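What follows draws every value from the coordinates through simple rules; no lab data is involved. Keep in mind the model is a prediction, meaning the values are calculated, not measured. Neighbour counts are summed over all protein chains in view; Cβ atoms, including those assigned to glycine, are modelled from backbone coordinates with ideal geometry.
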Amino acid sequence: MSIDILGHDNYALAIQFDLLKAIHGHLPSLRIISNLPAVENPLRDVPFYLPGDVFESLEAAKWRDKPDAKLLLGAMTGKTMLRIHDFFNRLGDLSPSRFLTLVHPAAVVPESAQLGHGCTIEPGVVISSFTNLADFVWVKRQASIGHHTRIASFTNINPGVTIASGCQIGSQCLIGAGATISDKIRIGDRSIVGAGAVVIHDVPEGKIVVGNPAKVLRDNDNY
């Protein structure tokens, strides 16, 4: 299998490398295709690979020479993932079915759960029955998602988050580390839940909420 990783967030790449090794026992044949010149990448000097890791690095203009390659987005926050996706989609149609979903063997994902294309599920994650994750949802270590919860595309669930049953999380949301979201809560698109917050009421679209109980801090103008 050949994999092209679109984008170059080295922290995301480090996790994806670890997941690929855990799933396949080795790194498959892969290329990293940056959407930014190296001088514009603030993480260009952050190491993310071991000496035995082998991969190619290419500029964006060359990415279409392997139309059968599977794809990953080399980023983890919804805003960055969406920006990279749209950048490459303008260069050529990105079929959702080409994107791999990575599930670490130490994650719990029941058969009744539905995962979209391009999702990333880190070790220690527990996903309950009949949960639905749309495309490009990233769930980090030790997070727990209750049954019948739905999470829209390009949303990031940080480590140690607990989402109870029947919740609806919008697109491009960021749920901070250790946050707790009570049963049947709705969180609007582009909203941010601060680390450690306890959400017991619905959160409107485009808001930042913090605290216990969580309250609106301000509008989300930048994420």
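Of note:
- Straight-distance candidates among the lysines for linking to residue 140, with alpha-carbon spacing under 29 Å and chain neighbours fewer than 8 residues away dropped: 21, 70, 79, 184, 207, 215.
- Length-normalised contact order of region 179-222 in % [C-alpha pairs under 8 Å, at least 6 apart]: 34 percent
- Fraction of beta bridges assigned by DSSP in the chain that are antiparallel (%, nearest 5): 10 percent
- Packing-based ranking, highest mean first, of 27-35, 108-116, 166-174, 134-142 given that Cβ atoms within 10 Å are counted: 134-142, 166-174, 27-35, 108-116
- Using Cβ point charges alone (K and R +1, D and E -1), the dipole size of region 101-213 about the Cα centre works out to roughly 160 debye.
- Considering all C-alpha pairs of region 129-223, those separated by over 24 Å amount to 6%.
- Computed over region 101-213: relative contact order in percent, which uses C-alpha pairs under 8 Å that are six or more apart: 15 percent
- Packing-based ranking, highest mean first, of 60-66, 149-155 given that Cβ atoms within 10 Å are counted: 149-155, 60-66
- Placing unit charges on the Cβ atoms of the charged side chains and taking the dipole of the chain about its Cα centre, the candidate lying farthest along the positive direction among 57, 161, 67 is 161.
- Relative contact order (percent, whole number), the chain, Cα cutoff 8 Å, 6+ residue spacing: 11 percent
- Taking 7 Å steps out from each Cα toward its Cβ at residue 23 and residue 222 produces label points 3.3 nm apart.
- Bins of 10 Å from zero: percent of alpha-carbon pairs in region 115-161: 33, 64, 3
- Degrees separating the helix 78-91 axis from the principal Cα axis of the chain, which is the longest one: 40 degrees
- Ranked by how many other beta carbons lie within 10 Å on average, peptides 208-218, 11-21 from highest: 11-21, 208-218
- Restricted to Cα atoms, region 2-98 shows a radius of gyration and a Dmax of 12.7, 34 angstrom.
- Here the 3J(HN,Hα) profile of region 125-135, calculated from phi with Karplus coefficients 6.51, -1.76 and 1.60 at θ = phi - 60°, is 6, 10, 10, 8, 4, 6, 7, 10, 10, 6, 5 Hz, Gly and Pro shown as x.
- 10 °C / 1.306 mPa s Stokes-Einstein diffusion coefficient of the chain, Kirkwood radius on C-alpha pairs, µm²/s: 89 µm²/s
- Nearest-ten-degree value, helix 10-24 long axis tilted from longest Cα axis of the chain: 80 degrees
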